[in-house]
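S.K.: Dropping a structure here in structure tokens format, bear with me for questions.
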Amino acid sequence: MENYDSKNILLSVLGIAILLIALVGFSYAIFTFTYNSSQHNVLTTGAIRMAYIEGLTNVIDIKKAIPIRDEIGVLQKDYFDFQVSSKITGKTKINYQVIVRNITNEVKSDKKSLDPSKIKIYLEKENGSIYEAVKGPIKFSDLTGTTDDLENNKILYIGQFSNDGFGTIEESTKFKLRMWLDEDAELDANQKIFKIKVDIKATTE
């Protein structure tokens, strides 16, 4: 009888171990987002100066990701922070767009591309001492595309700097960008990646 119980216990332990291995194996269907751009982008023309500056957290690397709810995604400690600033002398307006570009297929990798419809994006803008949501949570595929590339270049935010007088005005806007796997995303055993680049497109009037 004791031998019988021992076998049952041993089988139960093996069953738990197999279950744990299966769960760990499932979690390796990973999602990786890596921000990729030059450190500082500055546009200068006449009496206008506009700069796009990356913050300290310029890379988000999410490994062994699992689908999560939006209310959890928006509170993630991993985010990419950046700021857009301007210095304008004279009566001028700068209209700018914050654009996220899907560069997954532009990067050499042995991993498969993750479907953009499975990626959630959330953008916050600094307002005084707090950050407020200005876009999302929204699927990457549901963002409005730019006229030159509807599928891969998506508009996150549209802003403006202006000077209605004749002096010099300096302004700066700070942002935080978060990304995660949509809670309805179905994972498989294959490693997958999704990479984006954040760009600023500006025009004057």
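Please treat every number below as a calculation from the coordinates, not as lab data. Computed from a predicted structure; not experimentally measured.
S.K.: May I ask you to evaluate 6.51 cos²θ - 1.76 cosθ + 1.60, the Karplus curve with θ = phi - 60°, for each residue of region 160-171 and list the ³J(HN,Hα) values in order in whole Hz, giving x for glycine and proline?
M.R.: Couplings: 8, 10, 8, 9, 8, x, 10, x, 10, 10, 10, 9 Hz.
S.K.: Something else: How much length would be gained if the chain were fully extended between residue 170 and residue 148, taking 0.36 nm per residue of separation minus their Cα-Cα distance, in nm to one decimal?
M.R.: Answer, rounded to one decimal: 4.9 nm.
S.K.: Return the lysines within reach of residue 201: Cα separation strictly under 25 angstrom, same-chain partners fewer than 8 residues apart disregarded; answer none if there are no such residues.
M.R.: Hits, sequence-local ones excluded: 87, 91, 93, 120, 125, 135, 139, 154, 174, 176.
S.K.: Which whole-number percent is the relative contact order of region 89-205 (Cα, under 8 Å, 6+ apart)?
M.R.: 48
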